[in-house]
1. Of all residues in the range A:205-228 being part of a loop (DSSP other than H, G, I, E, B) and over 12 Å from the mean Cα position of the chain (by Cα), which is farthest from residue A:55 (Cα to Cα)?
2. Give A:118, A:147 a once-over and let me know the one that is touching a helix residue (DSSP H, G or I) at 6+ places or on another chain (Cβ under 6 Å), more than 9 Å from chain B (Cβ to nearest Cβ) and surrounded by fewer than 20 Cβ atoms within 10 Å (Cβ to Cβ).
3. Note down all Cβ pairs under 6 Å where the first residue falls in the range B:156-167 and is free of Cβ contacts under 8 Å to residues at least 12 places away in the same chain, the second is surrounded by fewer than 17 Cβ atoms within 10 Å (Cβ to Cβ), and they're at least six residues apart or on different chains.
4. The conditions are (1) within 14 Å of chain B (Cβ to nearest Cβ); (2) in a helix (DSSP H, G or I), and residue A:104 fails exactly one of them. Which is it?
5. Sort through A:363, A:327, A:306 and tell me the only one that's touching a residue at least 60 places away in the same chain (Cβ under 8 Å) and not assigned by TED's automatic domain parsing to the domain that holds residue A:223.
6. What is the one condition in (1) surrounded by fewer than 23 Cβ atoms within 10 Å (Cβ to Cβ); (2) more than 9 Å from chain B (Cβ to nearest Cβ); (3) under 26 Å from the mean Cα position of the chain (by Cα) that residue A:92 does not satisfy?
7. Of the conditions (1) in a helix (DSSP H, G or I); (2) on the phi > 0 side of the Ramachandran plot, residue A:164 satisfies every one except a single condition; which number is it?
8. Report whether or not residue B:157 is surrounded by fewer than 20 Cβ atoms within 10 Å (Cβ to Cβ), under 25 Å from the mean Cα position of the chain (by Cα) and closer than 17 Å to residue B:255 by Cα.
């Protein structure tokens, strides 16, 4: 994960959604969204297509009006404020650069709309500065169609940030780039965000992108917020099954609470074995779902010694995939169904004969798993 | 197959070719080639009746094309923002207007205008001593009405191909709807509007049927040619026909190029 240097996001709120709902006819695109965007943070909306993340962004930009609820930017209610009067700018998915203007004219477009008018020399200076910021100094007089995809993306970025928006909105800006260029752009985008200190709000369906870039991520599904938190919180403490499934990979099992102690709970799994998992306080259900990450589980031969307190689940290897630094095992347990286990290459070297068909023990350490909250 | 295609093209273009060829005749016959000369072109261009008819045609074509471009573009913009049944209805009417035979438009416009004049003229005469009659105005109205639907179709096609995100980007960057239209929409659909203008101009300039009904005392070039033929075809008529054809083809080619250029820009 990228180290965060310089402008740390504070607790100051730059924008806020208050019970914001958007309906398109019978379709509920955004369902009572309530959250705050902190000044200077990098916030991502993450979710599959149709989850409402783009609708949320478009409401913030002013392209869609909320059906109910409010949106505040810097404490001001934005309900009736049209897009062209909002202190936010957007980088569009397909960039939406004006094809009849040069690169410099595109970047200066927002400044030319200012009233009272901005002096020509001042516009030119700001455009020049923005071009330098995205490393396109020599390209000001180029036509848009003469630019490559990555360059167009940087023009779109410069066209937005030159206006010094309070929030920069990014609508899947990396979706059209190939993998290598995407990684490069992600790094550049982060550097830019840290040096400018502008609040970035990114919409993406790429969880790796969200995990590696964001200060906080807002996971969305079916028009609702499933969970909002730092990448680490989402990965280690997913609030419910949807989040556990969407962020990273997880084995999700159902069981019954046997006992609780502190932050832990003992859960009886089908087949009669118990596991000890982390459990949020205040949950009074008996039947629960638990999640465990594939890398939190271990593998051992049937003859190996098992440490005290660890749970052993016998299973048969159904597939073994070499991933470079890790080996992924797919196993089938008679009681629990399919299980995934991710073993580091180092640990794998110590073991032998774990081919398809081998009968192994899946080792589950206490606290490796997490009890999931109810989905609302 | 190739023979068949050749026959079709010969059938299509041979008569036109013959007119162009015979316009170069040095003799008096319009149907026999008697030496090569461009004297009939000079004769045509020096004929004051031809020049007056040409001037009338150009004026009618220009004014009706301007009218059609402005009104047609406005209609296309309005239709783009429209949805559902209302839009389907307007679409149908625009398409039908393009397909109605000229003779129907001619008769219909004539009857409509005459009826309107009959009602309006007594009042108008009493008030100002002036009467409405068929002539320049009715020609412009009839041509403009028909060619407007051409402009609607062309501009609408371009509007539909226009990326909605460009309009949103302009809004997002601080431009209201009027500023966005002026700086983004208009420059991007300008080639289509110009192509529509040129097509309208060509249509009006070439039209005989509609003009024949509504021209009143005005004589457009096609009407002049038609009335000259009744006095006998001379190579002068061939020369006029050839010039009109070349001018029209030229305008159509320019219109096509405008549309292509607009397409290339969008890529």
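1. Within the range A:205-228, the subset part of a loop (DSSP other than H, G, I, E, B) is A:205-206, A:214-215, A:222-223.
Within this subset, residues satisfying the condition of being over 12 Å from the mean Cα position of the chain (by Cα) are A:222-223.
Details: A:222: 12, A:223: 9 Å.
Here the residue is A:222.
2. Working: A:147 fails: touching a helix residue (DSSP H, G or I) at 6+ places or on another chain (Cβ under 6 Å).
Testing whether each residue is touching a helix residue (DSSP H, G or I) at 6+ places or on another chain (Cβ under 6 Å), more than 9 Å from chain B (Cβ to nearest Cβ) and surrounded by fewer than 20 Cβ atoms within 10 Å (Cβ to Cβ) leaves just A:118.
3. none
4. Status for residue A:104: all satisfied but (1).
5. Numbers: A:327 fails: touching a residue at least 60 places away in the same chain (Cβ under 8 Å); A:306 fails: touching a residue at least 60 places away in the same chain (Cβ under 8 Å).
Only one candidate passes the filter, namely A:363.
6. (2)
7. Only one criterion is unmet by residue A:164, namely (1).
8. Values: surrounded by fewer than 20 Cβ atoms within 10 Å (Cβ to Cβ): yes; under 25 Å from the mean Cα position of the chain (by Cα): yes; closer than 17 Å to residue B:255 by Cα: yes.
Yes; evaluated as a whole, the condition is true for this residue.
The values are calculated or read from the model by the stated rules, or taken from the named source; none is laboratory data. None of these values were measured; they are calculated from a predicted model. We place every Cβ from the backbone using ideal geometry, glycine too, and count neighbours over all the protein chains shown.
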